[in-house]
1. Within the stretch B:75-119, whose backbone N sits under 15 Å from a point 7 Å along Cα→Cβ of B:ARG20?
2. Under 13 Å from the Cβ of B:LEU137, count the other residues' Cβ atoms, weight Lys and Arg +1, Asp and Glu -1, and hand me the total.
3. Can you show me the helix-derived [θ] at 222 nm for the protein assembly as shown, built from DSSP H runs with n ≥ 4 at -39,500 (n - 2.57) apiece and divided by the number of residues, rounded to the nearest 500.
4. Over chain A, calculate the relative contact order: mean separation of alpha carbon pairs under 8 Å at least 6 apart, over the residue count, as a percent.
5. Can you list, largest first and rounded to whole Å, the semi-axes you get for the protein assembly as shown by taking the square root of 5 times each eigenvalue of its Cα gyration tensor?
6. One decimal, nm, shortest first: give the distances between the label point of B:ARG76 and those of the same position in the other copies, each label point 7 Å from Cα along Cα→Cβ.
7. Let me spell out the model: positive unit charges on the Cβ of Lys and Arg, negative unit charges on the Cβ of Asp and Glu, origin at the Cα centre of the protein assembly as shown. What dipole size does that give, in debye rounded to 20?
8. Given H placed 1.01 Å from N in the peptide plane, which residues other than close sequence neighbours of A:VAL96 have an amide H under 5 Å from its amide H?
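Any read-out appearing in this document is the output of simple, stated calculations on the displayed coordinates, not a laboratory observation. From a predicted model like this one, the values you see are computed outputs, not experimental measurements. Positions of Cβ are generated from backbone atoms using ideal geometry, with glycine treated the same way; all protein chains shown enter the neighbour counts.
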There are 2 protein chains.
Amino acid sequence: MEQRLSLVTLGVSDLDRSRRFYEALGWRDTPRAEGVVFFQSGGMVVGLWSREELAADSGVEDNGGWGGITLAHNVRSPADVDAVIEEARAAGATIVREPAPTFWGGYSGVFADPDGHPWEIAHNPGWALGDDGSVILRA
Amino acid sequence: MEQRLSLVTLGVSDLDRSRRFYEALGWRDTPRAEGVVFFQSGGMVVGLWSREELAADSGVEDNGGWGGITLAHNVRSPADVDAVIEEARAAGATIVREPAPTFWGGYSGVFADPDGHPWEIAHNPGWALGDDGSVILRA
């Protein structure tokens, strides 16, 4: 199996509400099919789909709540962390951790999207960020 | 907020077991810090970390089980879907959906990793796959 994540699908309870939330953050989808939203993210895709249909399609039982996966968006400075967290707050996100220095030597905050999916907005001084926003780890 | 997912962190109960599972699928990590595993995936990163610590760090309550997020790895043909699902089965994954044609005109199967995180292995004839495995949606 190639070392490549192609698509992360977030199960949502109200597709239009979630689409509007991500649009308020400046995201634009690539229209593809009814009932699903796809956002290009570098060489992969972030999708939004009915959580109920996603659970059935994934062969899993859904007890609700968080399931052990957290997303992150890395930015170039602590000030950029603050700015994105304020943007998310203005878009109606719940800020579950206000921006602050982290134990690993960076700076981050966490917001939850309308379905509670957590996004850490992070500045990691040890990670290189390309001009296009890509993260490249160097051994 | 740039339209960019930088990092997906999977909460795991046994870091060594999970690392061995992904290594059995051919993945190689970029050593970075104790207690965490990072796999480069194109211009983003897939991480493994203690689920308990990830929950606390993400400001969420963990009731266990699935939380509305499914990962996918796209391949070039139905035969490649079959091959990756067999590779995952051999690595000890549970196959939660055997490979078969899908309602959206493709072909896919789903395995669960040692912590139950579902991965759909998919061939989508409507998506372009670059030589490096990147997915590019065309409007």
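1. Correct set: B:90-93, B:114-115.
2. Net charge around B:LEU137: +2.
3. Mean residue ellipticity, 222 nm, calculated: -6500 deg cm²/dmol.
4. 21
5. For the protein assembly as shown, the ellipsoid semi-axes come out as 27, 22, 18 Å.
6. Counterpart label points of B:ARG76 in the remaining copies fall at 3.7 nm.
7. It comes to approximately 500 debye.
8. The list, which skips near neighbours in sequence, is A:VAL110, A:PHE111, A:ALA112.
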